[in-house]
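Remarks on the structure that follows.
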Ligand code: SF4
């Protein structure tokens, strides 16, 4: 198990180095900012939650400011995000936090409305640098598939120490969240561009075909195409071929593979982009 855990960590670490999504709150250890994005991103995609985060943090840079705001003002800022009870909980938390700081509550933040085990772990990991895994559905799915464990919660709990040994918990948690939401998705996981593909138990089980060597392979090129598109809205095939230093005919074949796998879309005017869902 030690070798599997260490391969898992090595691959996750190097993948995250080149693929981390760049959000301002990913670099902060201000618990208010972390709490805010956690509440905003519940049942909401990160990109969308991030737009609201920017509005909220500029209006309410600390809980004291939010505590004295009216409910109406908060609901107005929240408008369009849905699940309004989250806005109400956020407001109530701000009122508590204007009297008691996060440091006063540490290490148990569950006194704040809307904080469960997951958000508590997120605060411990991202704001306080604790060696804690934030166990959400994305993290569980990746770990469950890779290690092929039926009781994934138990497995994570028993191996948390090893999984986080010599690994910053913030990077580990964020890497697994990104991998789970973009590559190891619940349906149609994109195993052909996954950094864990070689040893993933799920992958080994679903395909017994001989793997092509990675370096300079079509698999590597497909991975590069997706990485470019994750960070760009859409791109023309000629531009993409230039970036990858390959012929357009070769690129078209790779694009077809990715289109068949449901990863990409090619628009009528030959723009290529990641399929929206
Ligand atoms: S190889 Fe496939 S199933 Fe395994 S972790 Fe990667 S995307 Fe998920």
remark   = Quick P(r) readout (segment 218-274; Cα-Cα; 5 Å bins; whole %) gives 4, 21, 38, 30, 7, 0
remark   = With 0.36 nm assigned to each residue of separation and the Cα-Cα distance removed, residue 65 to residue 131 gains 20.6 nm
message = Along the Cα→Cβ direction, 7 angstrom out, place labels at residue 75 and residue 266. What is the inter-label distance in nm?
response = 5.0 nm
note = Projected onto their principal axes, the Cα atoms of segment 118-184 stretch, largest extent first, over whole-Å spans of 31, 26, 22
ask   = Between segment 1-49 and segment 229-272, what's the alpha-carbon centroid distance in Å?
value = 27 Å
ask   = Mind checking the log10 I(q)/I(0) for segment 1-58 at q = 0.14, 0.16 Å⁻¹? Debye, one equal scatterer per Cα, no solvent, two decimals.
value = -0.53, -0.63
query = What do the square roots of 5 times the Cα gyration tensor eigenvalues come to for the chain, in whole Å, largest first, as semi-axes of the equivalent ellipsoid?
reply = 37, 25, 14
message = With the crude spin-label approximation of a point 7 Å out along Cα→Cβ, what separation in nm comes out for residue 220 versus residue 4?
response = 2.8 nm
P(r) histogram, all alpha-carbon pairs of segment 86-142 included - 5 Å bins from 0, percent = 4, 20, 24, 24, 16, 8, 3, 1
ask   = At a Förster radius of 41 Å, what calculated FRET efficiency corresponds to the Cβ-Cβ distance of residue 256 and residue 157, to the nearest 0.05?
value = 0.40
remark   = Log entry: pair-distance distribution for segment 30-127, C-alpha pairs binned every 10 Å from zero, whole % per bin is 16, 56, 27, 1
message = Take residue 100 and residue 198, extend 7 Å from each Cα along the Cα→Cβ direction, and tell me the distance between the two endpoints in nm.
response = 4.9 nm
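Read-outs throughout are calculated quantities, based only on the coordinates presented, and are distinct from any laboratory measurement. None of the values given here were measured: they were computed from a predicted structure. Here the Cβ is made from the backbone with ideal geometry for all residues, glycine too, and neighbour counts use every protein chain on show.
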